[in-house]
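These notes concern the structure reproduced below.
Please treat every number below as a calculation from the coordinates, not as lab data. Everything numeric in this text was worked out from a predicted model, so none of it was measured.
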Amino acid sequence: MCRLCWGVLFVLVLGIGVVVYRFGFLGSALPGEDGRQAIQLDSGERNLVLAEMRAFLEAVQMITAGLAENRMGNVVTAARRVGLAAQKGVPLSLMGKLPLEFKQLGLDTHRKFDRLALDAEQLGDPDHTLEQLSELLRNCAGCHAGYSLVAVRSP
Ligand code: HEC
């Protein structure tokens, strides 16, 4: 192959690498003034993520209520509602703005709710569920310690 072709190929591969790194790995996070990474979203995207967060909190409330009343059926329903299936509506453009670690923590949290639901259904053991919930809440706390969401005007 000609030298120029190799040159063009190299630049192309490099370009693809940069795009993958930028959108798959880094996202659009900047160091925030409170020491956390501030993820820059447009206000619609921020509202979407925050709505998902409120659904998380509601699920946690319903799970603890279910445990306190020993109604494992309610626990299962509440946890399933925020399982992986709930994640499907997230647009690709938003995904590209989230840092890899954030995406991983988010996915893992949905997965842990699914796992909690499955175990609650199959084992019906409140102590086990409570342990899983406490483990899962570490994800919430960990992510909140590391990231904030700021709304910026989209270009
Ligand atoms: C992958 C990261 C991540 C995970 C996991 C996560 N959160 Fe959040 N959450 C955030 C960020 C970022 C914000 C915005 C915080 C800010 O801007 O100061 C937020 C905001 C919230 C809010 C405020 C919502 C509003 O309307 O303002 C609630 C409530 C919340 N999270 C609950 C939870 C609960 C409960 C869990 C665990 C079951 C959880 N979150 C897991 C990242 C996460």
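Using only the alpha-carbon atoms, how far is helix 43-68 inclined from the longest principal axis of the chain? Give it as 0 to 90 degrees, nearest 10. For 43-68 against the chain, the angle is about 20 degrees. Considering helices alone, the calculated mean residue ellipticity of the chain at 222 nm is -22500 deg cm²/dmol, with DSSP H runs of length four and up weighted by -39500 (n - 2.57) and normalised per residue. Taking each residue as 0.36 nm, the span from LEU48 to LEU14 lengthens on full extension beyond its C-alpha to C-alpha distance by 8.9 nm. Quick one: angle between helix 126-146 and the longest Cα principal axis of the chain, in degrees between 0 and 90, rounded to 10, please. It is inclined by approximately 30 degrees. Out of every Cα-Cα pair that segment 3-151 contains, those further apart than 25 angstrom amount to 41 percent.
For the chain, the longest principal axis of the alpha carbon atoms and the long axis of helix 3-20 meet at an angle near 30°.
Looking at the chain, the DSSP beta bridges with both ends there are about 40 percent antiparallel.
State whether segment 66-130 is rounded, prolate or oblate according to the following rule on the C-alpha gyration tensor (a ≥ b ≥ c being the square roots of its eigenvalues): a/c under 1.5 gives rounded; otherwise a/b larger than b/c gives prolate, and the remaining case gives oblate. Because a/c hits 1.5 or more and a/b exceeds b/c, segment 66-130 counts as prolate. Close amide H pairs (under 5 Å, H built 1.01 Å from N) link TYR147 with GLN37, residues at least 5 positions away or on another chain.
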